Each structure stands twice: as structure tokens, then as C-alpha cells.
Amino acid sequence: MSALHPTHGKYSDCSGCSLCLLVCPVWREHRDLCLTPHGHAKALQQGIITEEMATNTLSCSLCMACLPVCPENLDIVEMILNLRRQLKVPDGQRERLLSMNSTPTTLPLTSCSTLLLPDLALQAAPRILSRTLDLLQIRQAADDGADIALALESATTIPELRLQQFLAPLRSLKKIIVAEGLLLRQLRRWLPATKIIGLGEALSSQENVRRNLRANDLYVIEPRAYHADYSRLVKYYDRLRTIHHCAFNLDLQRIAIPATVRNLQQRLGLAEPDDAAQTRWVLQGRQIDRIVVENLEDRAAFAAVCDIPVLHLAELAT
């Protein structure tokens with residue numbers, strides 16, 4: 001266990017209650033206990049650490065939905081990443097990670113107190129990225145840390161020099177807005193004195209965005225950032241729902257149901273994503289006129305399975 005989280009339990013504390021199965025999208029899709037946090041913890045308790053068992057961790061989407069429901073307060077994400085560290089680098093992944101050994105090209109950074117770290121999907125949509133920066137009245141970080149985020153996803157060791165190059169210009173900031181939830185979680189460990197929030201929270205806090213939310217909207221929360229700060233954000237989104245009466249992708253325990261369930265290979269671009277079943281399940285039984293998403297990957301996934309208009313939060317602003 002990481003010393004940064006002394007209050008977290010260890011896999012040996014898992015009682016096998018299976019509450020994590022209720023919120024696990026991989027369990028819902030495959031019904032295979034070996035692919036679940038419950039299965040991983042029980043295998044580790046029995047000393048079963050085989051290549052096959054470790055390979056099963058590649059199917060985890062790291063949505064973090066299991067974290068807030070675990071009564072033993074296990075750091076399940078860290079358990080999954082520890083197992084991934086035992087794997088050999090999959091075919092095709094090594095080339096994606098070699099760039100971490102070279103110094104990225106960065107732009108000179110002017111004096112500012114807040115920066116945005118966009119994810120790859122947002123960078124691939126320059127119009128929405130530009131609109132987001134204008135709405136928040138901030139600058140984009142010169143070094144987006146995309147390789148750092150990829151390394152976190154695959155539990156690959158980050159060269160110390162590269163890590164310090166990435167963190168150095170961020171240390172003086174008062175606030176960082178992060179689009180990628182797994183990177184957000186780790187930045188809070190690396191920079192504990194800095195205020196770090198998700199892009200969805202930052203945009204939905206803007207009055208010119210909030211006033212355009214409708215009661216017949218389905219608001220799709222990005223699950224990683226939400227579950228990484230669940231105790232605080234569940235209250236934040238409860239207030240948003242009370243004021244605007246829109247629906248959310250939350251279950252009865254107020255866990256965010258992921259709109260996409262992408263495993264490591266899919267996130268690395270080594271396999272095609274298959275989100276149709278998950279997005280249709282999120283939409284099942286809902287009477288809505290519009291879908292509003294925090295994450296652009298979700299916008300593309302919903303647009304592929306329905307004719308309901310799908311908007312990114314930044315597109316709500318007038």
C-alpha cells in the first residue's frame with residue numbers, strides 16, 4: 001500500500017461482501033468474477049499471483065466506482081495498478097511509451113495562477129478546447145502530460161527526469177483543472193498543496209453553463225474525477241440536480257455509471273472500443289431530450305447509438 005494513503009485498507013481486509021460487483025461495469029458485461037475487484041482481492045489473499053490473474057486486470061476500466069462502495073476502504077485502484085506492474089509490456093504498447101524517454105517540446109509559460117491540463121479527446125477538438133479556455137479564462141498547460149497519463153493507466157514506471165519536467169511548472173500554481181480523472185487523482189498526491197479539480201466541475205460551476213441546463217437533460221458525469229473525490233462531489237452534484245432538475249448517470253447509491261467501459265488495450269489504441277452496449281444501458285428507460293457530457297469520449301459514444309442531441313458542457317454556454 002502507498003504511504004500516501006495510510007487510511008486505506010489492504011487487499012487482505014477484503015471480506016468478500018461483493019458490493020463492488022454492484023457498481024462494476026466489467027462485471028455487468030462479462031459476469032466473470034476473475035475480472036472484478038472481489039476476484040482480484042480473493043486471489044491475492046490465497047497467494048495466487050499468476051500471469052493469467054494479472055492479465056485479467058487489463059480488462060479493468062479504472063472507473064473507480066468500486067472505491068466509494070467498499071466498506072473496508074480498500075484502495076482498489078492501487079491494487080489493480082500493482083498487478084499491472086507485474087505484467088510484461090503488451091505488444092504495441094512499448095512504442096507508445098518510448099516517447100517518455102525524450103524531452104517534450106514545451107512553450108514558455110507566462111505568469112499565471114491556474115492552468116488547464118486537457119486530455120487527448122479535448123485536444124482533438126480544438127473548437128471545444130478553445131471555447132473551454134475562454135469560458136474558464138485560463139491558459140492551457142504547455143506540457144499536457146499525455147505520456148504521464150498513459151504511464152499511469154498502464155502502471156508503467158515514469159522516468160524521474162520526465163516526471164520532474166512535467167511537475168516543475170505546476171508547482172507554483174494555485175489551481176489546476178484536469179480533464180483526465182486518473183491523472184487528477186495522482187496529481188493530488190504529487191502536489192498536495194495545490195487545488196486540483198476536474199474539468200466537469202470547473203465548467204458546471206460557470207453560471208453561463210449552469211443556466212442552460214434543462215430538466216429534460218441527461219447530465220453524464222465523468223466517473224474517474226467524480227469517484228476520486230466522491231465524498232465532496234456527491235454533494236456538489238446533488239445541489240446541481242436540486243436546482244436544475246436534470247437527470248444524472250447515477251445509480252441508487254449515487255455512483256456514476258460509466259458511459260464507456262474501455263480497457264487498457266482500448267485506451268492505448270491497440271483495440272477498437274465497443275461502447276454500444278454500455279451507452280444503451282445508461283439510456284435505457286429514460287425520457288430525455290438532450291444529453292450533456294463532461295467528457296468528449298462520452299459524446300462520441302452516445303452519438304453513435306442514438307439520435308438524441310449530445311452536447312459537451314462547454315457548448316452550453318451562451
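The single condition among (1) at pLDDT 95 or above; (2) not in a helix (DSSP H, G or I) that SER172 does not meet is (1). Consider segment 265-289 and keep the residues that are among the small types (Gly, Ala, Ser) and without any contact (Cβ under 8 Å) to a residue 40 or more places away in the chain. The one that is nearest to PHE248 (Cα to Cα) is GLY285.
Just one residue in the set LEU167, LEU136, LEU120 is surrounded by fewer than 20 Cβ atoms within 10 Å (Cβ to Cβ), in contact with a strand residue (DSSP E or B) (Cβ under 7 Å, 6 or more places away or on another chain) and touching a residue at least 24 places away in the same chain (Cβ under 8 Å); that residue is LEU136.
Which one is nearest to the chain's Cα centre (by Cα) among residues in segment 44-64 that are surrounded by fewer than 20 Cβ atoms within 10 Å (Cβ to Cβ) and among the hydrophobic types (A, V, I, L, M, F, W, C)? If we take residues in segment 44-64 being surrounded by fewer than 20 Cβ atoms within 10 Å (Cβ to Cβ) and among the hydrophobic types (A, V, I, L, M, F, W, C), then LEU58 is nearest to the chain's Cα centre (by Cα). In segment 244-279, what residues are closer than 21 Å to LEU313 by Cα and surrounded by fewer than 16 Cβ atoms within 10 Å (Cβ to Cβ)? Result: HIS245, single match. Those helices (runs of 4 or more DSSP H) of segment 64-149 in which 1 or more residues are basic (Lys, Arg) and modelled with pLDDT under 90 occupy 76-84, 93-97.
Being closer than 28 Å to GLN186 by Cα, part of a helix (DSSP H, G or I), in contact (Cβ under 8 Å) with a residue 40 or more places away in the chain and not assigned by TED's automatic domain parsing to the domain that holds LEU135 holds for only one residue in ARG224, ARG232, ARG299, ARG262, and it is ARG224.
The values are calculated or read from the model by the stated rules, or taken from the named source; none is laboratory data. Predicted model, so just to flag it, every value in this text is computed and none were measured. Because the Cβ atoms are built from the backbone with ideal geometry, glycine has one as well, and the counts that use them run over all protein chains shown.
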